[in-house]
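Single-structure report; data block below.
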Amino acid sequence: MNYEFRVNDLAEEFGVHRNTIRNWIKNGSVKADPGPGRQYIMQWEDYQALCKKFGRKPRLNPNQDYDPGELQKISTEVAVPPLVLGDRDKTLYTDPSWADTCLTCGTCASACPISGIDGMDPRKIVRMAFLGIEDELMASDWPWKCTMCAKCEEACPMDIQIVQLMRRIRSRRDRDKVPGPIHKGVATCLERGNNLGIPKDDFLYLLEELGEELAEESCPGFVTPVDEHGARLLVTVNSKEPFAEPDDMKWWWKIFYAANESWTISSVNWEGVNWGLFSGDDEAMKTIVGRIVDNMRRLNCSALLLPE
Ligand code: SF4
Ligand code: SF4
């Protein structure tokens with residue numbers, strides 16, 4: 001059974017640039033052959049595996065005949081629920097998170113450390129959501145300037161979940177229009193296990209080398225523990241450290257050494273920074289968290305450290 005697709009459609013589906021899809025086809029990450037017109041064809045199983053990797057539900061298989069009842073059932077199963085900023089039927093009493101409980105008091109704006117930068121303040125965003133000015137909100141850079149510190153929420157007398165609102169707005173922007181590198185980092189993490197795409201062999205070589213340095217410098221006998229089954233603590237890593245500041249990792253390791261801690265780093269999916277949180281991509285976030293849980297289970301660790 002095959003899955004036929006156009007590069008643009010697959011790029012949109014997985015939230016990556018079309019050149020990324022072309023590169024994946026070229027390097028074999030996506031096993032697809034040229035088809036009629038400008039389409040490509042891949043095995044349905046390969047498409048399902050790709051969806052699984054990205055934590056997404058497969059679309060309907062276009063090569064399969066569905067009877068109307070079955071089609072309805074499958075359509076319901078795979079439909080992505082529409083993301084809404086606020087359901088106006090909700091009331092203060094049923095869901096205090098919705099924007100229509102806002103008093104316009106401006107307490108959130110006074111608490112926000114970036115209020116006033118480029119005209120942004122959280123009250124305006126809450127009001128725009130309440131008034132249904134959604135397209136402008138989605139196109140605005142304001143929600144992307146938010147640091148998600150939640151000071152506005154703490155200050156809000158109506159307990160409005162402003163950070164959740166920011167993430168919901170972010171999630172509605174087309175993935176190729178997400179500002180900065182965060183969506184690219186999410187896509188790279190889903191594909192290669194860390195935000196910066198550091199190859200496994202390079203990472204393991206670096207861990208070994210840093211461990212040898214530490215043993216010579218101040219921790220006799222130190223060996224970086226990788227994939228130690230039964231270690232108490234699983235330590236995740238911010239990929240910026242192996243990429244640009246590898247010596248920073250040694251500070252943690254010295255503490256573990258001094259405390260005689262039982263700990264380990266996973267050789268795969270070791271990223272500790274989940275950029276899905278910032279890009280508003282809940283599905284990706286869930287997949288990345290799930291991989292850490294898998295590592296905990298695989299290595300039988302009982303505690304987790306997210307040093308970021
Ligand atoms: S979460 Fe965003 S809007 Fe709220 S105070 Fe922090 S920066 Fe401002
Ligand atoms: S603090 Fe809460 S109630 Fe007051 S303006 Fe901000 S969101 Fe509205």
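List the helices (runs of 4 or more DSSP H) that sit entirely inside the stretch 102-162 and contain at least 2 residues that are over 21 Å from Ser279 (Cβ atoms). Before you say what the answer is, go through the steps one by one.
Values: elements: 107-111, 122-131, 134-139, 142-145, 151-155.
Counting at least 2 such residues, we get 107-111, 122-131, 151-155.
With respect to the conditions (1) over 30 Å from Asn295 (Cα atoms); (2) within 15 Å of ligand 2 (Cβ to nearest atom); (3) surrounded by 15 or more Cβ atoms within 10 Å (Cβ to Cβ), Val163 lacks only one, and its number is (1). Summed over the stretch 101-157, the residues that are within 24 Å of the chain's Cα centre (by Cα) and of a type in the set (Asp, Glu) give a count of 4.
Given the criterion surrounded by fewer than 13 Cβ atoms within 10 Å (Cβ to Cβ), touching a residue at least 40 places away in the same chain (Cβ under 8 Å) and over 17 Å from Glu209 (Cβ atoms), identify the matching residue among Gly290, Gly276, Gly280. Walk me through it before giving the result.
Values: Gly276 fails: surrounded by fewer than 13 Cβ atoms within 10 Å (Cβ to Cβ); Gly280 fails: surrounded by fewer than 13 Cβ atoms within 10 Å (Cβ to Cβ).
The match here is Gly290.
Residues that are under 30 Å from Met166 (Cα atoms), touching a Cys at 6+ places or on another chain (Cβ under 9 Å) and surrounded by fewer than 21 Cβ atoms within 10 Å (Cβ to Cβ) within the stretch 240-272 comprise just one, Asn269. The set of residues in the stretch 121-147 being near ligand 1 (Cβ under 8 Å from one of its atoms), buried (at least 16 other Cβ atoms within 10 Å of the Cβ) and within 17 Å of Pro179 (Cα to Cα) consists of Cys146 alone.
May I ask you to say which residue of Val237, Val186, Val226, Val178 is under 25 Å from the mean Cα position of the chain (by Cα), among the β-branched types (Val, Ile, Thr) and surrounded by fewer than 20 Cβ atoms within 10 Å (Cβ to Cβ)? Lay out the reasoning, then the answer.
Working: Val237 fails: surrounded by fewer than 20 Cβ atoms within 10 Å (Cβ to Cβ); Val186 fails: surrounded by fewer than 20 Cβ atoms within 10 Å (Cβ to Cβ); Val178 fails: surrounded by fewer than 20 Cβ atoms within 10 Å (Cβ to Cβ).
Within the list Val237, Val186, Val226, Val178, the selection yields Val226.
Being within 29 Å of Val226 (Cα to Cα) and in contact with a Cys (Cβ under 9 Å, 6 or more places away or on another chain) is true for just one of Leu190, Leu196. Which residue is that?
Working: Leu190 fails: in contact with a Cys (Cβ under 9 Å, 6 or more places away or on another chain).
Answer to the selection: Leu196.
Between Arg298, Arg291, which is among the charged types (D, E, K, R), in a helix (DSSP H, G or I) and touching a Gly at 6+ places or on another chain (Cβ under 8 Å)? Criteria check complete, one pass: Arg291. Looking only at the stretch 107-120, filter to residues that are more than 15 Å from Gln161 (Cα to Cα) and surrounded by 18 or more Cβ atoms within 10 Å (Cβ to Cβ); which one of those is nearest to ligand 2 (Cβ to nearest atom)? By that ranking, first place goes to Ser115.
Confirm whether Ile117 is in the same structural domain as Ser266 (by TED's automatic domain parsing) and either polar (S, T, N, Q) or touching a residue at least 24 places away in the same chain (Cβ under 8 Å) (or both). Steps first, please.
Numbers: in the same structural domain as Ser266 (by TED's automatic domain parsing): no; either polar (S, T, N, Q) or touching a residue at least 24 places away in the same chain (Cβ under 8 Å) (or both): yes.
For Ile117, the condition - in the same structural domain as Ser266 (by TED's automatic domain parsing) and either polar (S, T, N, Q) or touching a residue at least 24 places away in the same chain (Cβ under 8 Å) (or both) - is not met.
Out of the residues in the stretch 163-178 meeting the condition of being charged (D, E, K, R) and assigned to a loop (DSSP other than H, G, I, E, B), tell me which one is farthest from Val126 (Cα to Cα). Only one residue fits best here, namely Asp174.
The values are calculated or read from the model by the stated rules, or taken from the named source; none is laboratory data. Remember, it's a predicted structure, so these values are computed and weren't measured experimentally. Glycine gets a Cβ as well: all are built from the backbone with ideal geometry, and neighbour counts include every protein chain shown.
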